1. Does LEU165 qualify as being in contact with an Asp or Glu (Cβ under 8 Å, 6 or more places away or on another chain) and either modelled with pLDDT of 95 or more or within 16 Å of CYS92 (Cβ to Cβ) (or both)?
2. State whether one or more residues within region 160-168 are part of a loop (DSSP other than H, G, I, E, B), among the β-branched types (Val, Ile, Thr) and free of Cβ contacts under 8 Å to residues at least 60 places away in the same chain.
3. Within region 118-128, is even one residue in contact with a Cys (Cβ under 7 Å, 6 or more places away or on another chain), surrounded by 14 or more Cβ atoms within 10 Å (Cβ to Cβ) and modelled with pLDDT of 95 or more?
4. Would you tally the residues in region 209-250 being of a type in the set (Val, Ile, Thr), under 17 Å from the mean Cα position of the chain (by Cα) and either assigned to a helix (DSSP H, G or I) or within 11 Å of ILE125 (Cα to Cα) (or both)?
5. Give the residue that is surrounded by the most Cβ atoms within 10 Å (Cβ to Cβ), with candidates limited to residues of region 202-235 that are over 20 Å from ASP247 (Cβ atoms) and in contact (Cβ under 8 Å) with a residue 12 or more places away in the chain.
6. For region 2-21, which residues satisfy the criterion of being assigned to a helix (DSSP H, G or I) and more than 20 Å from ARG64 (Cβ to Cβ)?
7. How many residues does region 110-128 hold that are assigned to a helix (DSSP H, G or I) and in contact with a Gly (Cβ under 9 Å, 6 or more places away or on another chain)?
8. Of the residues ARG158, ARG172, which single one is among the basic types (Lys, Arg), more than 26 Å from LEU241 (Cα to Cα) and at pLDDT below 95?
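The values are calculated or read from the model by the stated rules, or taken from the named source; none is laboratory data. This one's a predicted model, so the numbers in the text were calculated from it and none came from an experiment. Here the Cβ positions follow ideal geometry from the backbone for every residue, glycine too, while neighbour counts run over all protein chains shown.
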Amino acid sequence: VTRRGNTTTHEALQAEHRSRAWAGDARRFGDGAAILIGDLSFVYADMLLASLGTRGWQMWNELRVELNVGQYLDMLGSAQNERRPEKAMRICRYKSGKYTIERPLHLGALLADEDTTLIDAYSAIGLPLGDAFQLRDDVLGVFGESSVTGKPVGDDLREAKPTPLMALALQRANDQQRSVLKKVGNASLSPSDIADVQQAIVDSGALSAMETTISDLRDEAILAIGRAPIDAEVQTQMVELAHFVTDRKV
């Protein structure tokens, strides 16, 4: 199992257990140790952010709540096999959009000088850009090159991830395309099945529409960057970030 092209922590620890012939079950050791490493990372994050003050600490807590709620909604959507576009976009925002872009911008402002005047400006930038980030992730999850993304193509389809892309495809699909899209959620999807689903998404117009949405969100964020009360050099760097987030291949 890989993540962004690298072996996941629990898999690496399982391999370490096996290579050293340690006692007990390698999988249990790898899973348990990986969870503890994640918990320890949270502890260190709390220690690093303890000096933020009340406003910053509140922001950090909001980030963590939003992330966990978003991940739960993502799991629930897969379990319920629900494909409503508005619900998929809400999952998109809370699962990734806010904690990936908006909240880090907020924390950066507060870490710099506890300046709260930039919060609204950074939300105007971070929310559309965060949504665009996750929408690009969804597209890569279906159409990305596994050698580049480090993620097997089709995993999102096998897991029936409740993405806006899939919701839009079902909304736009004709009867023939919809019958193909019903394969989504089958853990045994073959490469041929995945190719059929990909083609149905393309033919429905969902991929093209999603690319337009990503571009529109990027442009909205760039306009907000131009209006933000920040230095011109910082604006330039943030525009570059906006293009990276939306044009990336990984």
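1. So LEU165 passes the test.
2. No, because not a single residue in region 160-168 is part of a loop (DSSP other than H, G, I, E, B), among the β-branched types (Val, Ile, Thr) and free of Cβ contacts under 8 Å to residues at least 60 places away in the same chain.
3. No: region 118-128 contains no residue that is in contact with a Cys (Cβ under 7 Å, 6 or more places away or on another chain), surrounded by 14 or more Cβ atoms within 10 Å (Cβ to Cβ) and modelled with pLDDT of 95 or more.
4. Result for region 209-250: 4.
5. The extreme case among them is SER204.
6. HIS10, GLU11, ALA12, LEU13, GLN14, ALA15, GLU16, HIS17, ARG18, SER19 - these are the residues of region 2-21 that are assigned to a helix (DSSP H, G or I) and more than 20 Å from ARG64 (Cβ to Cβ).
7. Here the count works out to 6.
8. Result of the check over ARG158, ARG172: ARG158.
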